[in-house]
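Undergrad: Got a structure for you, questions after.
The values are calculated or read from the model by the stated rules, or taken from the named source; none is laboratory data. Model, not experiment: these values are computed from the prediction. Here Cβ is always computed from backbone atoms with ideal geometry, including for glycine, and neighbour counts include all displayed protein chains. All accessible areas refer to the heavy atoms of the entire protein, side chains included, with ligands and DNA or RNA removed. Shrake-Rupley method; radii C 1.70, N 1.55, O 1.52, S 1.80 Å.
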Amino acid sequence: MRRLAAVLASAVVGSTSVLDAQGFSPRSADYVFVSTAEDARALWVNPAGTQYGAAASLLAELVVDRSVPDDTRLSQWTAGLSTRAFSLGYQRDRLRGGGSNQAVRIGLATRFPRGAVGFSTTFHRAGGSNSRGADFGLRYALAPPVSLGVVVRNVGKPRIRGTRLPVVGAVGLGWLGAQGRFRLQADAVGTDNEGSSGIDMSYRAGANLTVGNQMPFAAIFAVQLDEDFDVATWTLGISVGGDRKVIALGTVGRTDGTTDLDALSLTGVALNRGVAARR
């Protein structure tokens, strides 16, 4: 039971070393959490989250990689849509050594009293080969301001460029205050190393603060911690707009005691609350 609980404790950032090496980790996983994920971004974080918020949404995203000095480049772009019960996303990663990885993700979700469950399957194409994996997610309202999220990722262990992605999972809690304008969220993250060292644990925490009515402005903060609670990366950003918003983010990483700006991204999200009103 203890091992199962540990495996359920990861998936948002996925298996960090493997996913970073293969260029697969979606940008949404840097600042969106399993307990509060909504709209089309939830497809990449917790498929159950697509059953919350607006009934329909669109996503477009560009990521610029700066992790190697003097080699700044467009490394990833993502597009997606969600209609609550059904979601579809496409991600393409441009690898530094040449070539690219592609992922098409299809998600389904359904509500139940105080919560939702979701499923997604991802079709990977990398290095001329195809592979497929699945994610399962849960989101549940423990109390009006507190929500629980659980995800298991990479079921089936898809193979990308000769490497099998390990089964990972995440357990997270989120607190929404001030009528949703202030959010605190945290995830416990673990990766199954298949006997080498058992379960690798890491942790994530974040906060969002939104101000303004006519033109909402939000400050976004997220931090990833390793097993010893040392800071691995910081993600800071701003969001401008309400149902039509633009999100700009920067991620700062620590390597060998130095701190560098590793990635920049620009994301657009469009929500259609009218669809929700008609249902």
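Undergrad: If DNA, RNA and ligands are ignored and the probe is 1.4 Å, what is the ranking of 41, 273 by accessible area, most exposed first?
TA: 273, 41
Undergrad: On a 1.4 Å probe surface of the protein chains, which of 227, 61 comes out largest in accessible area, and what is the full order?
TA: Reading off the accessible areas and sorting them downward yields 227, 61.
Undergrad: To continue, here is another question. Given the whole protein assembly as supplied and a 1.4 Å probe, what does the accessible area of residue 245 come to in Å², nearest 10?
TA: Here the residue's solvent-accessible area equals roughly 50 Å².
Undergrad: Another question, then. In angstroms, what radius of gyration and Dmax does segment 110-223 have, counting Cα atoms only?
TA: So, for segment 110-223, Rg and Dmax equal 17.6, 54 Å respectively.
Undergrad: Additional query: Let me make sure I get this right: for segment 150-279, a, b and c are the square roots of the gyration tensor eigenvalues over alpha carbons, sorted descending. Under 1.5 in a/c it's rounded, otherwise prolate if a/b > b/c, else oblate. Which is it? Show your work: numbers first, answer last.
TA: Details: a/c = 2.00, a/b = 1.54, b/c = 1.30.
The shape class here is prolate.
Undergrad: Looking at segment 60-140, which trypsin sites (Lys or Arg not before Pro) are in a loop (DSSP not H, G, I, E or B) and have at most 14 other Cβ atoms within 10 Å?
TA: Passing sites in segment 60-140 are 96, 114.
Undergrad: If you don't mind, there's one more thing I want to ask. Averaged per residue, what accessible surface does the chain expose to a 1.4 Å probe, in Å²?
TA: 46
Undergrad: Within the chain, what whole-number % of the accessible surface is contributed by carbon and sulfur, with the 1.4 Å probe and all protein chains included in the calculation?
TA: With neighbouring chains kept in place, the figure for the chain is 60 percent.
Undergrad: What figure in square angstrom, to the nearest 10, would you give for the accessible area of residue 140 with a 1.4 Å probe?
TA: Only protein atoms counted, so the area is about 70 Å².
Undergrad: Same structure, new question: Given 5 Å bins starting at zero, what is the percent of C-alpha pairs of the chain in each, up to the one with the largest pair distance?
TA: Spelled out per bin, shortest first, that is 1, 6, 13, 18, 20, 20, 12, 7, 3, 1, 0.
Undergrad: Taking the Cβ of residue 134 as the center, what net charge do the other residues with Cβ under 12 Å away carry, scoring Lys and Arg +1 and Asp and Glu -1?
TA: +3
Undergrad: Still on this structure, please answer the following. By the scheme Lys and Arg +1, Asp and Glu -1, what is the net charge of all other residues having a beta-carbon under 11 Å from that of residue 210?
TA: Residues close to residue 210 contribute a combined charge of +3.
Undergrad: So, one more: Accessible area of residue 230, 1.4 Å probe, to the nearest 10 Å²?
TA: 90
Undergrad: Using a Gaussian network model on the chain with a 10 Å cutoff between Cα atoms, which of 163, 78, 233 fluctuates the most?
TA: Judging by the Gaussian network model, the answer is 163.
Undergrad: What number, in nm² with one decimal, is the all-direction average of the projected area of the convex hull of the alpha-carbon atoms of segment 56-174?
TA: With every direction weighted equally, the projected area is 8.9 nm².
Undergrad: Let a ≥ b ≥ c be the square roots of the eigenvalues of the Cα gyration tensor of segment 168-214; is it rounded (a/c under 1.5), or, if not, prolate (a/b larger than b/c) or oblate? Please list the in-between numbers first.
TA: Working: a/c = 5.12, a/b = 4.29, b/c = 1.19.
Taking the square roots of the gyration eigenvalues as a ≥ b ≥ c, segment 168-214 is prolate.
Undergrad: Take 62, 88 and sort them by solvent-accessible surface of the protein heavy atoms, 1.4 Å probe, largest at the top.
TA: 62, 88
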